[in-house]
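Have a look at the structure below before the remarks.
The values are calculated or read from the model by the stated rules, or taken from the named source; none is laboratory data. The structure displayed is predicted, hence computed values, not measured ones. Positions of Cβ are generated from backbone atoms using ideal geometry, with glycine treated the same way; all protein chains shown enter the neighbour counts. SASA here: full protein model, heavy atoms, side chains in, ligands and nucleic acids out. Shrake-Rupley method; radii C 1.70, N 1.55, O 1.52, S 1.80 Å.
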Amino acid sequence: MRLTRLAEILGGTLKGEDREITGASTVEESTSTDITFLSNPKYHPKYRDKVASTRAGAVIVGEGLDLTISQIITENPYLSFARVLNILYPEKTRKPGISNLAFVHPDAEVHEGACIYPHVYVGAGARILENCVIYPGCFIGDGTSIGEHTVLYPNVVVYDGCTIGRHCIMHAGVVIGSDGFGFAWDGTQHLKVPQRGTVVIGDHVEIGSNCTIDRAALSSTRIGSDVKMDNLVQIGHNVIIGDHTIIVAQTGISGSARIGKGVVLAGQCGVAGHITIGDGCTAAARTGIASDVPPGKVISGFPAMDHRHWLRVQKVYKDLPELLKRIRELERRLNALAKD
Amino acid sequence: MRLTRLAEILGGTLKGEDREITGASTVEESTSTDITFLSNPKYHPKYRDKVASTRAGAVIVGEGLDLTISQIITENPYLSFARVLNILYPEKTRKPGISNLAFVHPDAEVHEGACIYPHVYVGAGARILENCVIYPGCFIGDGTSIGEHTVLYPNVVVYDGCTIGRHCIMHAGVVIGSDGFGFAWDGTQHLKVPQRGTVVIGDHVEIGSNCTIDRAALSSTRIGSDVKMDNLVQIGHNVIIGDHTIIVAQTGISGSARIGKGVVLAGQCGVAGHITIGDGCTAAARTGIASDVPPGKVISGFPAMDHRHWLRVQKVYKDLPELLKRIRELERRLNALAKD
Amino acid sequence: MRLTRLAEILGGTLKGEDREITGASTVEESTSTDITFLSNPKYHPKYRDKVASTRAGAVIVGEGLDLTISQIITENPYLSFARVLNILYPEKTRKPGISNLAFVHPDAEVHEGACIYPHVYVGAGARILENCVIYPGCFIGDGTSIGEHTVLYPNVVVYDGCTIGRHCIMHAGVVIGSDGFGFAWDGTQHLKVPQRGTVVIGDHVEIGSNCTIDRAALSSTRIGSDVKMDNLVQIGHNVIIGDHTIIVAQTGISGSARIGKGVVLAGQCGVAGHITIGDGCTAAARTGIASDVPPGKVISGFPAMDHRHWLRVQKVYKDLPELLKRIRELERRLNALAKD
């Protein structure tokens, strides 16, 4: 594809020579037929220096740089590059049909345009809609429904009676609908509180490898549309997550928490049960959130506090031994004064 | 079922009109034929307000409330509600038999009352006892034994030579008996320390999705009876866990640690290797436990300390920038005094 | 095997009676035909007391102890014991061949000396080399290559186009090559950034149960040789990990981080994206690393700092309420002085 055509698709401006591009790669590994990109140089200054020595045929940038190679200037180079990748490397298509090594219950409904790999199990009353791809080792429980164009990578388990929307991607080893963690002490042992609810997942949701999403005790655990989850995330029973929310790896959300829309929880965060995090909040990595957070807040630390306040707290925290010395010195001087 | 009959079973008192109940649901979603419950209002005050507007046919409460709807008053409403759920929604029963899509080694022993789903692997010398349910994709290693009435949800892996007790529930993706993490540096590379021990799990144990429990180097990793583990918990080799202990999601326990009976480790805790946590201890979420804890202690923080002390520490911690200011002010005043 | 022969193999010295040893066990559980070991008593003093009462036939020690039982004295008893275990309990060998319950694509290449269990899926163009053991439920994607003598325990998933070296061990539920976490906001929703790179894993790598290793956006996520990972570790896209590095359970490494050679990251650490950790660094459990670390550093805490400094910080941190009191007392005395 010619750069003029790419610039047109991206709504960007070509600066420099027009040429043919056949691939996309990193700044370091690109060759003369590749296009690469330079993200916001404010955040990643070290990449800016590298771009000067790239052998790429072209680079997507946010503002024209003083370089000899061709540049496509767009407002959001990362977004533009994502679009280029989608054009140059389209998603592999899978042949529809049901493998004869799969088990599909006679009462299940599998669309003829779906692809069911070997060693898949589809339970009674389950529904697999058009263009779904169900990779080997997946388990679709009784009465569970998988929306159009959804891909389940290998060994995904969806328990009975759950609902997954359209255009979702569930990575390998994801477990959806396992029992919420509920027990009542009866005086001699823990009585299991049956988890009779379900999980409902919206459209365009992507869930990372080996995440676990528990079914509700009653009612539903609900994941909104366009939610994106990284790997090894834990979602407790009856949690509700709003649309467009992003949850980074190894974060855990306790039962009955409500996470708003457009929230970002960075890696290894923890959210306590029964609390509410407002729309548009951002929690930095490892934030431990134990109480309600109003919309739009940026928080850090454990217990969670305003991010800028936390930065100040951390500065003093690292100097605590010095602080103690200054207090001792004050005490010494005051004692000396008192003696006079 | 009539409320009078339910009250009788629960050992509670009916207040208000007797009526027929056919289901159970949340305070918000119940309809007139449902029963719901109100847990300890001290812990969850927001649910108390909601109960006034419930459309439920009845509510289980700890003390009689001034409401028009029928109430069953019991000592422990949460426990009573768990019992009601077990009555109204009994566990699905599974037809016994071995799927012809499963692989069962000729030297394995599978009870005729067990249910083996498609794509299960049962190794040589393995024993699957009465009423076990082994869901698709499970792997039962050579010589491993699964006790009566135990359920393994899909894709559970139990390595060779492990023992799981009766009435256990292993959720999807659980791994039991993988090698403990042991290596010895030989001067040029890490030599693997063979993990020749096993895992022994008691009765009535429930283990959450994608948990990992390593086999011992020698001897056994031991999980007591009535232990309940949430999702994504990591148990290192040679760990010993006492009966009735509860371990919440994403907690990790390092090798050779001993956890007593009736311990509660909340979410995202970490326990160092070779330490002992006494019976009846409780660790709040995210506690990092690096040394022995005597029985009955309630701890928090990292490093772990008495929970009430930690609460005081956290208060000062959040005010560290203010503290620094006060020290600077003291220094300024003292310097001024000294100049006089 | 006689102790004289064992001492010879280990390059150690026998002290006490020569005798026949048939097994190896713990200090507590050994019987008279077992050999046991005593690791560095500095680190584990409680084991030293136990060795006096062991019923073992012999013990491997670092220095001769005043005991009646036979001792083999070597420089590194833990390493020697690992060698003894490898001699006494050799790894089980698996019969080569492809199960007729497995699915192997006609365009895949499986060495005749490899062992493919039931319910395995091997994609088009995949290569499984000599002496590989692929346990039930594993998925080997199209074009993926598995080196000689590598073992994949049950339900391991390796996505398309990845490369795993020789003599590796992947424990159950490991996911390799799932999509890195990359999205670009297009104004109304998150656009998926296609992850077109791969994962390349060296030789002698061991990866614990349910770990997740994401494929690169472009180029490769690279795990060096002799890297050892514990369970539930998360590796983001484009991460590079040097040879001999050890990563303990539940640690997470964000995208594009570079971890040097011979690094140790203890349990539950977190590493931010795009940073570099130098060769030979050690991070204590739960360290949160947000910026570059020079080679050889020992670090702790969050944010990460020099380990010895952190120990001093923690001491003051635990005494914060006391510190506040001392400041109040200083203020009171200074106010009193000022009044005079």
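Quick notes on this one:
- Max mean-square fluctuation residue, GNM over chain B, Cα-Cα springs under 10 Å, options B:GLN195, B:GLN314, B:GLN250: B:GLN314
- For A:HIS274, label point 7 Å along C-beta direction: distances to other copies, nm: 4.1, 4.1
- Trypsin sites (Lys or Arg not before Pro) restricted to DSSP loop in segment A:70-103 with at most 10 other C-beta within 10 Å: A:LYS92
- Whether the protein assembly as shown is rounded, prolate or oblate, judged on the alpha carbon gyration tensor where a/c under 1.5 counts as rounded: rounded
- Shielding by partners, peptide A:133-140 (average Cβ within 10 angstrom, other chains): 6
- Accessible area per residue in Å² at 1.4 Å probe, computed on segment C:182-338: 33 Å²
- Largest-first ordering by accessible area, 1.4 Å probe, given options C:ASP49, A:ASP34, B:ASP18: C:ASP49, B:ASP18, A:ASP34
- Shape class for chain A: oblate, because the ratio a/c of the largest to smallest gyration tensor axis (alpha-carbon atoms, square roots of eigenvalues) is 1.5 or more and b/c is at least a/b.
- Residue-by-residue Karplus 3J(HN,Hα) for segment C:282-297, coefficients 6.51, -1.76, 1.60, Hz, glycine and proline x: 10, 10, 5, 3, 6, 5, x, 9, 10, 8, 3, 10, x, x, x, 6
- Charged neighbours of A:VAL205, selected by a Cβ distance under 13 Å, balance to -1 (K, R count +1; D, E count -1).
- Sites listed here are chymotrypsin sites (Phe, Trp or Tyr not before Pro) in segment C:1-92 whose DSSP assignment is loop and whose Cβ has at most 16 other Cβ atoms within 10 Å: C:TYR43.
- For B:ILE299, the accessible area of its heavy atoms, probed at 1.4 Å with every protein chain present, is near 10 square angstrom.
- In nanometers and ordered shortest first, the copy-to-copy spacing of the A:ASP107 label point, defined 7 Å from Cα toward Cβ, is 4.0, 4.0.
- Cα gyration tensor shape of segment B:16-95, rounded if a/c is under 1.5, else prolate or oblate by comparing a/b with b/c: prolate
- For the set A:THR282, B:THR26, A:THR144, solvent exposure ranked by accessible area (probe 1.4 Å, protein chains only) runs largest to smallest as A:THR282, B:THR26, A:THR144.
- Label sites at C:ARG308 and A:LEU337, each approximated as a point 7 angstrom past Cα along Cα to Cβ, lie 3.5 nm apart.
- Exposure rule at most 15 other beta-carbon atoms within 10 Å, DSSP loop GluC sites (Glu not before Pro): chain A longest free segment: A:131-340
- Estimated purely from DSSP H runs of n ≥ 4, each contributing -39500 (n - 2.57), the mean residue ellipticity at 222 nm for the protein assembly as shown is -5500 deg cm²/dmol once divided by its residues.
- Summed residue charge, Cβ within 13 Å of C:THR144's Cβ, Lys/Arg positive, Asp/Glu negative: -2
- Note on A:MET1: accessible area is roughly 70 Å² with a 1.4 Å probe, heavy atoms of protein only.
- Karplus-derived 3J(HN,Hα) values for segment C:249-262, using 6.51 cos²θ - 1.76 cosθ + 1.60 with θ = phi - 60°, are 3, 6, 7, x, 10, 6, x, 6, 6, 10, 10, x, 7, x Hz; glycine and proline are entered as x.
- Pairs spanning more than 27 Å between alpha-carbon atoms, out of A:LYS325/B:LYS318; A:LYS297/B:LYS315; B:LYS228/C:LYS261: B:LYS228/C:LYS261.
- For segment B:1-32, the residues whose backbone nitrogen is under 12 Å from a point 7 Å from the Cα of B:LEU67, taken along Cα to Cβ, are B:15-16, B:25-31.
- Nm distances between copies for B:ARG326, ranked from closest, using label points 7 Å along Cα→Cβ: 1.3, 1.3
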